[in-house]
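See structure below.
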Amino acid sequence: MSLPVGRRGFLAGIGALFVSGCSKMAETDTAQSLFSAAQGWHQKVHRSLADRKALAREYPRSAISPFFRGNGSRTVDTDAYRASLASGFADWRLEVRGLVDTPLSLSLDNLRALPQRTQITRHDCVEGWSAIGEWTGPQLSTLLDAAGVQDSAKFVVFRCADTYVGRKYYESVDMVDAFHPQTIIAHSLNGEPLPERNGAPLRMRIERQLGYKHAKYLTAIEVVDTLDDIGGGKGGYWEDRLGYQWYAGI
Amino acid sequence: MKKHALSTRIWHWLNLVCLVILFMSGLNISNAHPYLYWGEWGFSPSQAWLEVPRFPGWMTIPDYYSLAKARDWHVLMAWPFALGLLFMWVAMLANGHFWRDLRTAPREWRPKAVWHDVVEHLKLNFEHGPAKYNFLQKLAYGLVLGVFLPGMVFTGLAISPGFEPAAPWLVDLFGGRQSARSLHFLFAFGLFGFLVVHVVLVLLNKPWSLMRDMITGGSNRWGDKS
């Protein structure tokens, strides 16, 4: 090639143009709606190829990872949380509220008295790593049925005690995932109370989605008909802050 | 009859665009956790079989670190990539391209024949076989179309926790989720290697007429040769 910049310069130029072109294109409304459409197609395919209640894989005890890594918030940086932690979370309450007939406020003892589900599942982080742990807790469906979900309900929002880089953590799922049999409120990991780094005293398990959906340091479960007026309106902390996909099954 | 069927030409260029965007957004995704593991789980460098180097911005989409935006591109382009590959397989089985040009005969696998083909390639003589493609070309195209490209799709599906309940056997087939992730990476670099060799050989051979033929279809000169 007899270009004055030379082949390597030429290729690097093409590459830079292409990459910056992609970055610019990605900012347009068309690209944004394509991205969210593609996400929706994946979700539809996942839900039509397998039963909506189909279970994520459960493993034997021997498959449990030697350690369960904590990621994101590893504690809640408030005096109230530290005091609660020191007292074994005797004063912790989990509220069930929003579009329900009977709002609930439950202690850890109340939650442990409900029918329990124990599942050994693989946790997949959006970054790429995986760890296997045994989780125990009541199914979210038990709580929702007890509270009586109203017909207008479309989403379940998980409110958290932790603040990460200056913002309150929260997450949300639709009613299909909310009523999935493996969607539990875990109070135990590997037969022990949930460690601080993994979300003590309560965290969600949403086994058919990536780790950022599994809200930790859980304080309330809110049934809503729209996500628009919650946080930044995109249905979760990472969705609002950096544009992560709301459907995290991919 | 044209040298390249219209279906082949459309797929070839569509697939190039998909592969480039998927590869470059994939490098951005790799930067999020540049460690690869075997088996079902793995989360710390001490368990990794490979620490992947960090890819600089000019190699990635977008051109700065953003796992969320890279995933947007990756998740979008997976569609035309996978459906395009399905289309190409249906087209080349239906129009005879696979049976006529890509399928190898047992005699082509004889060591002597393979050696002859390697020597001719090293002499940069690419049109030495009786058929449209010689053995090494068939082998390369066969590996790409039959193993690496579908391998990308299937390992990609296997790392998706939402897809897994539909086909848990797929994850087992690859030896666990982290193995599937490692293979996804290896297949990607296999394809990158193919792309480099493919482009170099085109440049060494007849770059302009080969490029032109893959756009316009060209005339079937291979028919005259036999």
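Rule-based calculations on the coordinates, nothing more; no lab input. Fair warning: this is a prediction, and the values are worked out from it, not measured in the lab. A quick note on method: Cβ atoms are made from the backbone with ideal geometry, for glycine too, and the neighbour counts reach across all protein chains shown.
So the values come out like this:
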{"quantity": "Charged-residue dipole, Cβ positions (Lys, Arg, Asp, Glu), the protein assembly as shown about Cα centre, Debye nearest 20", "calculated": "2040"}
{"quantity": "Neighbour-count order for B:H116, A:H123, fewest beta carbons within 10 angstrom listed first", "calculated": "B:H116, A:H123"}
{"quantity": "Ranked list, fewest to most other Cβ atoms within 10 Å of each Cβ, for B:Y141, A:Y169, A:Y247", "calculated": "B:Y141, A:Y247, A:Y169"}
{"quantity": "Relative contact order %, chain B, counting alpha carbon pairs below 8 Å whose residues are six or more apart", "calculated": "28"}
{"quantity": "Label-point separation in nm, B:V52 to A:T102, each point 7 Å along Cα→Cβ", "calculated": "5.1"}
{"quantity": "Quotient of C-alpha Rg and 2.2 N^0.38 Å, computed over chain A", "calculated": "1.18"}
{"quantity": "Under the Debye formula (equal points on every Cα, no solvent term), log10 I(q)/I(0) of the range B:6-225 at q = 0.13, 0.17 Å⁻¹", "calculated": "-0.88, -1.29"}
{"quantity": "Peptide-level mean, for B:43-49, of C-beta atoms on other protein chains within 10 Å", "calculated": "3"}
{"quantity": "Backbone HN-Hα couplings from phi across the range A:112-117 [Karplus 6.51/-1.76/1.60, Hz, Gly and Pro as x]", "calculated": "5, 7, 6, x, 10, 10"}
{"quantity": "Long pairs among A:K53/A:K234; A:K24/A:K44; B:K138/B:K206; B:K2/B:K112, criterion Cα-Cα beyond 22 Å", "calculated": "A:K53/A:K234; A:K24/A:K44; B:K2/B:K112"}
{"quantity": "Total charge dipole magnitude, chain A, about the Cα centre, Cβ charges on Lys, Arg, Asp, Glu only, Debye to nearest 20", "calculated": "920"}
{"quantity": "Estimated inter-spin distance, B:L93 and A:D109, nm [label 7 Å along Cα→Cβ]", "calculated": "6.5"}
{"quantity": "Scattering profile of the protein assembly as shown at q = 0.14 Å⁻¹ [log10 I(q)/I(0), Debye over alpha-carbon scatterers]", "calculated": "-1.37"}
{"quantity": "Over the range B:112-226: Kirkwood hydrodynamic radius from C-alpha pairwise inverse distances, Å", "calculated": "16.6"}
{"quantity": "Sorted by Cβ neighbour density within 10 Å, fewest at the top, the residues B:C18, A:C125", "calculated": "A:C125, B:C18"}
{"quantity": "Amide H contacts under 5 Å for A:D162, placed H, 5+ residues apart", "calculated": "A:Y169"}
{"quantity": "Exercise: per-residue mean of other protein chain Cβ atoms within 10 Å, A:115-128", "calculated": "4"}
{"quantity": "Relative packing of peptides B:100-112, A:88-100, A:26-38 - highest average C-beta neighbours within 10 Å first", "calculated": "A:88-100, A:26-38, B:100-112"}
{"quantity": "Estimated inter-spin distance, A:D91 and B:L86, nm [label 7 Å along Cα→Cβ]", "calculated": "5.7"}
{"quantity": "For the range B:94-105, 3J(HN,Hα) per residue [Karplus equation, 6.51 cos²θ - 1.76 cosθ + 1.60, θ = phi - 60°, Hz, x = Gly/Pro]", "calculated": "6, 8, x, 3, 5, 5, 7, 10, 9, 5, 9, 9"}
